[in-house]
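This report refers to the structure that appears directly beneath it.
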């Protein structure tokens, strides 16, 4: 086949699955920002409620992001083993569970374990899986698709 004919047979770049992947990436970015900024906003209140020092609570957000960086290389493996949809849904449930269960903690160690293990793992895996899905769906408009999920983040 000639190049002109084969190009006309291809569907639109990305299509509906591509833009669903972009929406998943945008939602992932929104949840990551919500978790990290939420901890920052709640810092003075958490200090009073958990009777803990400020620096201990401040490190929880840092440990969460560090855990996401350590777990991120396994995102592709999880995606191939269980599928991108199941991986993204599980990570969303993990992030939500960390935020909900975090409202019931009684000390800063419990909060650190919840956010580090649940939210950190979910952030690392879901960031890789969502970017992988966008990369598979877009060949020509990849930069537009990546820019559509929001401003640049450390995970880009």
Between the Cα axis of helix 84-102 and the main Cα principal axis of the chain, the angle (0 to 90°, nearest 10) is 20
If one takes the longest principal axis of the Cα atoms in the chain, at what angle in degrees, from 0 to 90 and to the nearest 10, does the Cα axis of helix 15-41 lie? 20
Packing rank of 15-28, 121-134, where each peptide gets the mean count of other beta carbons within 10 Å, highest leading: 121-134, 15-28
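Among 37-47, 85-95, how do they line up from the highest to the lowest mean number of other beta-carbon atoms within 10 Å?
85-95, 37-47
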Would you compute, for the Cα atoms of region 31-133, the largest minus smallest coordinate along each principal axis and list the three values in descending order, in whole Å? 44, 21, 19
Name the most mobile residue of 119, 72, 97, meaning the one with the largest mean-square fluctuation, in a Gaussian network model of the chain with Cα contacts below 10 Å. 97
Could you identify which residue out of 116, 67, 139 has the top mean-square fluctuation in a GNM of the chain using Cα springs shorter than 10 Å? 139
Can you sort 70, 82, 138 so the residue with the fewest Cβ neighbours within 10 Å comes first? 70, 82, 138
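Every number in this text was worked out from the coordinates using simple rules, so none of it is lab data. Please read all numbers here as calculations on a predicted model, not as lab measurements. A quick note on method: Cβ atoms are made from the backbone with ideal geometry, for glycine too, and the neighbour counts reach across all protein chains shown.
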